[in-house]
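Enquirer: Before I ask anything, here is the structure I am working with.
The values are calculated or read from the model by the stated rules, or taken from the named source; none is laboratory data. Here the structure is a predicted model, which is why all the values come from computation and not from measurement. Using ideal geometry, Cβ is built from the backbone for each residue, glycine included, and neighbour counts are taken over all protein chains shown.
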């Protein structure tokens, strides 16, 4: 990495503070329930797949479990801030990778800054999900490559890509495209470096493979079959099957246009048409990673904003190499409008937080604290069944592991058999599993940000069938219990 100037260091620090701010103003996401629950359960010594349902590849809970030990009662805030810092690390790696490829300090800094106003990035960096850790790992691999293609560096890069795929399976696609770009040559020496990269990926996948072998059937159902079939069933039932078809490509295009990702893609594609530019092995690797991220985003049905995230950092590394070129004024205007468009969603979050007179992250902590007070006042001791897994751990209560996957696995129908529901420690809307035999200490339902009312009503029906009744309310969250 070229030496970073004092001004550059201050700029990177400022961008990181911007990302930390996003972690506070980004509204709550229903996705956060499963990631908070999995981190907390793993901190208690439980393993994904074997002991609780987990709908991704398994490394994220282990990376974030220490936050439960260090910041018990504040896990949502801790996870959001950790993701913001991981985002800051990714920005720094984009800067450093661009510098290693020959971009000027100013161009590398501008490219890194533009990444932070792309909607897929701003959306992902502000929530407690599994997006930022694999992104940082992938960029570590590309940063290593940027110093020069050698067997050792390619092996290390492969390990980073393998670990990234162990956090989020979609990162296997950029790993595959980078490998193809490396092996697409007549030079035997390049073949050897490509094999080194593949060997590194294999080593990086070892922890994931060990966890898979402990519960292979659960892994197959939860991390492979569910992502393929679960969303299709859900969106069809709610009358939005159109989101599974070609419409998703339009949504992808719109997500790229909210921020400078789309204009950067057009410029890189135009530049990449020349064989001379692509003759550089590291340029090819960056382009391959960006294309792999784009392919992964396009394969998901339906498309969601965060699926485009893996394509962005390598894209802006390449963009940094072109920023010093002269452009027509109308092209400069398109860049400026794109950057402005990326800031608009963040502005909306800030306005909404001001209207509510409290930032969403602090509001979630307030709700969790209120829930904790109500649980203790009603002498609730034991695991809590809930689809709102983002609140219960911070309330100082234990989450029932049968609900670790939040509303996503719960809302499926005919996904698991009665025996599987019991054996795999899961509950769905049509399979109560072991709930009748091992009832939770309480069931928490309610009205909270990004709630899915149909699933809350279905869980309420199951609660009534088991003899539970609402006995207290805490800031929109209802506590249901069975009385002797």
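Enquirer: Would you mind finding the one in 112, 107, 144 that is under 25 Å from residue 279 (Cα atoms), free of Cβ contacts under 8 Å to residues at least 24 places away in the same chain, more than 16 Å from the chain's Cα centre (by Cα) and not assigned by TED's automatic domain parsing to the domain that holds residue 409?
Expert: When all the criteria are applied, what remains is 144.
Enquirer: Quickly run through segment 70-84 and pick out the residues that are in contact (Cβ under 8 Å) with a residue 12 or more places away in the chain and either under 13 Å from residue 122 (Cα atoms) or surrounded by 19 or more Cβ atoms within 10 Å (Cβ to Cβ) (or both).
Expert: The answer is 75, 76, 77, 79, 80, 81, 82, 83, 84.
Enquirer: Within segment 192-204, is even one residue part of a helix (DSSP H, G or I), buried (at least 20 other Cβ atoms within 10 Å of the Cβ) and out of contact with any helix residue (DSSP H, G or I) (no Cβ under 8 Å at 6 or more places or on another chain)?
Expert: no
Enquirer: Right, next: With 176, 264, 255 as the choices, which residue is outside the structural domain of residue 420 (by TED's automatic domain parsing), within 30 Å of residue 47 (Cβ to Cβ), in contact with a helix residue (DSSP H, G or I) (Cβ under 8 Å, 6 or more places away or on another chain) and assigned to a helix (DSSP H, G or I)?
Expert: 176
Enquirer: Only one of (1) touching a helix residue (DSSP H, G or I) at 6+ places or on another chain (Cβ under 8 Å); (2) crowded, with 19+ Cβ neighbours inside 10 Å; (3) in a helix (DSSP H, G or I) fails for residue 420. Which number is that?
Expert: Failed condition: (2).
Enquirer: Residue under question is residue 311, and the condition is that it be surrounded by 15 or more Cβ atoms within 10 Å (Cβ to Cβ), touching a helix residue (DSSP H, G or I) at 6+ places or on another chain (Cβ under 6 Å) and either free of Cβ contacts under 8 Å to residues at least 60 places away in the same chain or assigned to a helix (DSSP H, G or I) (or both); does it hold?
Expert: Spelling it out, residue 311 is indeed surrounded by 15 or more Cβ atoms within 10 Å (Cβ to Cβ), touching a helix residue (DSSP H, G or I) at 6+ places or on another chain (Cβ under 6 Å) and either free of Cβ contacts under 8 Å to residues at least 60 places away in the same chain or assigned to a helix (DSSP H, G or I) (or both).
Enquirer: Restricting the first residue to segment 367-379 and requiring it to be surrounded by fewer than 21 Cβ atoms within 10 Å (Cβ to Cβ), which pairs with a second residue that is in a helix (DSSP H, G or I) meet a Cβ separation below 6 Å and a spacing of at least six or different chains?
Expert: Close Cβ pairs satisfying both conditions: 372/395.
Enquirer: Still on this structure, please answer the following. I need the helices (runs of 4 or more DSSP H) fully contained in segment 1-119, keeping only those with at least 3 residues that are within 30 Å of residue 212 (Cα to Cα).
Expert: Because the criterion is at least 3 residues that are within 30 Å of residue 212 (Cα to Cα), the helices (runs of 4 or more DSSP H) in segment 1-119 that meet it are 32-43, 60-70, 75-100.
Enquirer: Is it fair to say residue 122 is surrounded by fewer than 23 Cβ atoms within 10 Å (Cβ to Cβ) and over 14 Å from residue 204 (Cβ atoms)?
Expert: No: the conditions fail for residue 122.
Enquirer: I've got another one for you. With touching a helix residue (DSSP H, G or I) at 6+ places or on another chain (Cβ under 9 Å) and within 30 Å of residue 366 (Cβ to Cβ) as the only criterion, which of 109, 70 stands out?
Expert: Every option except 70 fails the conditions.
Enquirer: Among the listed residues 246, 260, 216, which satisfies the condition of being over 30 Å from residue 63 (Cα atoms), at pLDDT 95 or above and more than 20 Å from the chain's Cα centre (by Cα)?
Expert: Only one candidate passes the filter, namely 260.
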